[in-house]
Amino acid sequence: MEFLKQFAVPHPSLPIYASMVAIGLTVVAIIAGLTYFKKWGYLWREWLTTVDHKKIGIMYLLSAILMLFRGGVDAVMMRAQLAVPDNTLLDAQHYNEIFTTHGVVMIIFMAMPFIMALMNFVVPLQIGARDVAFPRLNALSFWLFFMGAMLFNISFVVGGSPDGGWTAYFPLVGPELAPNVGNNYYMIAIQIAGLGTLMTGINFITTILKMRAPGMTLSKIPMFTWSALTANIIIVFAFPPFTVALAMGAMDRLFGTHFFSMSNGGMDMLWANLFWVWGHPEVYILILPAFGIFSEVISTFSRKNLYGYKSMVASMVIISLISFFVWAHHFFTMGMGPLANSIFSITTMAIAVPTGVKIFNWLFTLYKGKIEFTTPMLYALMFIPLFTIGGVTGVMLAMSAADYQYHNTMFLVAHFHNVIIPGVVFAMLAGLTYYWPKMFGYMLNEKIGKWTVWLLSIGFLLAFMPMYITGLDGQVRRAYTYSEATGFGPLNMVSFVGAGIMAIGFALICYNLYYSYRYASRDVGIDPWDARTLEWATHNPVPAYNFAIIPQVNSYQAVWDAKKNGHVLFKEEKYEKIHMPNNTGVPFIMGAIFFVWGFSMIFSLWIPVIVSTIGIFVCMAYNSFKEDHGYYISAEEVKETEKELRGVS
């Protein structure tokens, strides 16, 4: 019985019991459905073993949408708890757990895979490649992310959830103050997912630098690919410090080391520094690809070249550099001293300059454009003013003297969401709508999509603008309740109503996916948006090989030049055999073993840890020594596929 007690939730409640039932029923339903419809073989052949960047992108996308609603439920529960003073919907412990998981899920398991989904699907198409540089590594990256996400999400129902905030500051999450296994989940699950992200960074840097179509120099790379390149460079430099920090934190909790303890030579601020050396560049890992998406959307639906291509690229490079010199602005109130505060205040305000350049470039692109108010364009138009508000409040927070007023209040919460929701979530939803016909061969319903944009925008304003006011009035963040005497009740109720409206908006997204799947026309052509870049030069759905003939490029908007200026993308219709990588089950199996390894580490089950560690190295050895030369699609098969996709009999 003592052995089994460690797997029990230490603070059970009705919502947790409901979660247990829901998870169990969902697993049973999935297994029953796959068995009844005899889809196990299809699932293994087409998805679990795939190395196709397009299918991997779709799996990232499905994971991100799932996690969006998982984190969204946490958000609604928090706003419900704070809607009225002295509320007892959640107790302090449950609120802390929901608060922690909301932050981790939304940043690491929702926003990151959303970005990876669009990178995986779009970047190889946009540069004229047939796949990424390392297809098997790409599959392993996804399965490590996915298993890390699933491991983290079972914490609520097995052993207890982390409760130290998404920043997991020591000593709050150290073994002395948090003896339960909840924060072990944080250290181990994020570590596994982070390894996958680091592999993705290496893979896409190599892909973009080495696999571009003939003629596509660095000055002719489309803007989304430029944003992906800069974001992945940040990943390669920012994730290793966080990887080390998580390993040290896990050792503190599991093996009694004292890296971050308050005694025996430990230093809790070491964790804070290592966390934010990753954590603030992470914001730009999220926002730069979002900027790339908005650049593509605004240019397409303004029917104009993107204004200031070179300045847009330069601003992204400058942002990626400065992002590593701003992390200590999180410590303005922690006694660094006036000199350090001044230096990081200046760097934090400086990063607003290249960001402002991009805002003006988008506005000049819109100026005198023939604007089409499609759903992706509406997201972009809502983004500009809302994100600007978030940027301005960021400059306010960058003033170290004033930060004593703002820090640890709801003002900071409002600022952060004011940047991430219009900047990242709106961009990902714009990209989802924009690239949906390329992914699935039909378009999402425009009317439902526009309703969604308005609901999310109105809900966002109602949910977060009141927090600026209550924050300036002194409402602290991370507190699960407040008294009626504070006067915060009415504005917090407005925030709850706004969160509810946003929830309706997200529900509309689900309805749109269902409605469009049932009723949308499948005859949309290869370029339904009249777009400008290379991904719109291939078929819907995209064949396994992407391009039957590698295109010849002479500008960053190659398709637009082909349509309007007569540039020939495909020099001659002479098909040749195409080399493609074989599917492999090793990445999925290795990801599953990592799940077992992580679960065993969390609960200090050392025999399974040893066995799974051996299994991981066996998979690595097998993958290293196995000779796999891929396969060829014959020229005749390529010709027949092209005829079929063009509708030629």
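Restricting the stretch 395-423 to residues that are open to solvent by less than 40 Å² (accessible area, probe 1.4 Å) and not in a helix (DSSP H, G or I), which is farthest from residue 505 (Cα to Cα)? Per the criteria, the residue is 407.
The residues of the stretch 13-24 that are free of Cβ contacts under 8 Å to residues at least 24 places away in the same chain, within 30 Å of the chain's Cα centre (by Cα) and open to solvent by 60 Å² or more (accessible area, probe 1.4 Å), listed by number, are 17, 21.
Just name the residue that is surrounded by the most Cβ atoms within 10 Å (Cβ to Cβ) out of those in the stretch 77-89 that are assigned to a helix (DSSP H, G or I) and touching a Phe, Trp or Tyr at 6+ places or on another chain (Cβ under 8 Å).
Let us first name the residues in the stretch 77-89 that are assigned to a helix (DSSP H, G or I), namely 77-82.
Narrowing the set further to residues that are touching a Phe, Trp or Tyr at 6+ places or on another chain (Cβ under 8 Å) leaves 78-82.
Values: 78: 20, 79: 20, 80: 15, 81: 21, 82: 27.
My answer is 82.
Would you mind finding the one in 359, 384, 389 that is free of Cβ contacts under 8 Å to residues at least 40 places away in the same chain and within 21 Å of the chain's Cα centre (by Cα)?
So the residue among 359, 384, 389 that is free of Cβ contacts under 8 Å to residues at least 40 places away in the same chain and within 21 Å of the chain's Cα centre (by Cα) is 384.
Among the residues in the stretch 25-47, are any within 21 Å of the chain's Cα centre (by Cα) and either in contact (Cβ under 8 Å) with a residue 12 or more places away in the chain or part of a helix (DSSP H, G or I) (or both)?
So in the stretch 25-47, the residues within 21 Å of the chain's Cα centre (by Cα) come out as 47.
Then keep just the ones that are either in contact (Cβ under 8 Å) with a residue 12 or more places away in the chain or part of a helix (DSSP H, G or I) (or both); that gives 47.
Yes, the stretch 25-47 has at least one match.
Say we look at the stretch 435-469 and pick out the residues that are among the hydroxyl-bearing types (Ser, Thr, Tyr) and either open to solvent by 40 Å² or more (accessible area, probe 1.4 Å) or part of a helix (DSSP H, G or I) (or both); which of these is farthest from residue 58 (Cα to Cα)? So the residue we want is 468. So, in the stretch 311-335, of the ones that are in contact with a Ser or Thr (Cβ under 9 Å, 6 or more places away or on another chain) and without any contact (Cβ under 8 Å) to a residue 40 or more places away in the chain, which residue ends up least open to solvent (accessible area, probe 1.4 Å)? If we take residues in the stretch 311-335 being in contact with a Ser or Thr (Cβ under 9 Å, 6 or more places away or on another chain) and without any contact (Cβ under 8 Å) to a residue 40 or more places away in the chain, then 322 is least open to solvent (accessible area, probe 1.4 Å).
I'd like the full set of residues that are open to solvent by 50 Å² or more (accessible area, probe 1.4 Å) and either in contact with a strand residue (DSSP E or B) (Cβ under 9 Å, 6 or more places away or on another chain) or at pLDDT 90 or above (or both), limited to the stretch 552-575.
Of everything in the stretch 552-575, just one residue is open to solvent by 50 Å² or more (accessible area, probe 1.4 Å) and either in contact with a strand residue (DSSP E or B) (Cβ under 9 Å, 6 or more places away or on another chain) or at pLDDT 90 or above (or both), namely 552.
For the stretch 552-603, the set of residues classified as touching a Phe, Trp or Tyr at 6+ places or on another chain (Cβ under 6 Å) and either closer than 22 Å to residue 226 by Cβ or of a type in the set (Lys, Arg) (or both) consists of 559, 577, listed by residue number.
The combined condition, being in a helix (DSSP H, G or I) and surrounded by fewer than 24 Cβ atoms within 10 Å (Cβ to Cβ), is not fulfilled by residue 426. All of 373, 364 fail the test of being modelled with pLDDT of 95 or more, aromatic (Phe, Trp, Tyr), assigned to a loop (DSSP other than H, G, I, E, B) and open to solvent by 20 Å² or more (accessible area, probe 1.4 Å), apart from 373. Of all the listed residues (491, 432, 472), the sole one being within 30 Å of residue 537 (Cβ to Cβ), touching a residue at least 12 places away in the same chain (Cβ under 8 Å) and of a type outside the set (Ser, Thr, Tyr) is 432. Quick one: in the stretch 540-561, which of the residues that are under 27 Å from the mean Cα position of the chain (by Cα) and not hydrophobic (A, V, I, L, M, F, W, C) is nearest to residue 582 (Cα to Cα)? Once the filter is applied, the top-ranked residue is 545.
Take residue 287 and decide whether it is of a type outside the set (Lys, Arg), open to solvent by 20 Å² or more (accessible area, probe 1.4 Å), in a helix (DSSP H, G or I) and in contact with a helix residue (DSSP H, G or I) (Cβ under 9 Å, 6 or more places away or on another chain).
On the way: of a type outside the set (Lys, Arg): yes; open to solvent by 20 Å² or more (accessible area, probe 1.4 Å): no; in a helix (DSSP H, G or I): yes; in contact with a helix residue (DSSP H, G or I) (Cβ under 9 Å, 6 or more places away or on another chain): yes.
No; evaluated as a whole, the condition is false for this residue.
Just for the stretch 252-272: of the residues that are under 16 Å from residue 179 (Cβ atoms) and touching a Pro at 6+ places or on another chain (Cβ under 6 Å), which one is least open to solvent (accessible area, probe 1.4 Å)? Checked the stretch 252-272; the qualifying residue least open to solvent (accessible area, probe 1.4 Å) is 253.
Is there a residue being more than 18 Å from residue 379 (Cα to Cα), surrounded by fewer than 21 Cβ atoms within 10 Å (Cβ to Cβ) and among the acidic types (Asp, Glu) anywhere in the stretch 473-489? Taking every residue of the stretch 473-489 in turn, at least one turns out to be more than 18 Å from residue 379 (Cα to Cα), surrounded by fewer than 21 Cβ atoms within 10 Å (Cβ to Cβ) and among the acidic types (Asp, Glu).
Does residue 536 meet the test of being in a helix (DSSP H, G or I), in contact with an Asp or Glu (Cβ under 8 Å, 6 or more places away or on another chain), aromatic (Phe, Trp, Tyr) and modelled with pLDDT of 90 or more? Walk me through how you get there before you give the answer.
Values: in a helix (DSSP H, G or I): yes; in contact with an Asp or Glu (Cβ under 8 Å, 6 or more places away or on another chain): yes; aromatic (Phe, Trp, Tyr): yes; modelled with pLDDT of 90 or more: yes.
When the stated conditions are applied, residue 536 passes them.
In this structure, residue 584 does not satisfy being open to solvent by less than 70 Å² (accessible area, probe 1.4 Å) and closer than 30 Å to residue 450 by Cβ. State which residue pairs qualify: first residue in contact (Cβ under 8 Å) with a residue 60 or more places away in the chain and inside the stretch 585-596, second residue of a type in the set (Gly, Ala, Ser) in any location, beta carbons under 6 Å apart, and separation of 6 or more residues or different chains. That search, which allows pairs on different chains as well, returns 587/139.
Could you list, in sequence order, the residues of the stretch 196-239 that are more than 18 Å from the chain's Cα centre (by Cα) and of a type outside the set (A, V, I, L, M)? Lay out the reasoning, then the answer.
Let us first name the residues in the stretch 196-239 that are more than 18 Å from the chain's Cα centre (by Cα), namely 206-223.
Residues satisfying the conditions are 206, 207, 210, 212, 214, 215, 217, 219, 220, 222.
So residue 185 passes all but one of these: (1) modelled with pLDDT under 95; (2) open to solvent by less than 10 Å² (accessible area, probe 1.4 Å); (3) under 19 Å from residue 5 (Cα atoms). Which condition number does it fail? Just one mismatch for residue 185, condition (1). In the stretch 611-623 there is at least one residue matching the filter, namely being open to solvent by 40 Å² or more (accessible area, probe 1.4 Å), farther than 30 Å from residue 182 by Cα and among the aromatic types (Phe, Trp, Tyr).
The values are calculated or read from the model by the stated rules, or taken from the named source; none is laboratory data. These numbers were taken from a predicted model, which means no experiment stands behind them. Please note: Cβ atoms are built from the backbone with ideal geometry, for glycine as well, and neighbour counts cover all protein chains shown. Accessible surface is based on the protein model in full, side chains and every heavy atom, while ligands, DNA and RNA are left aside. Shrake-Rupley method; radii C 1.70, N 1.55, O 1.52, S 1.80 Å.
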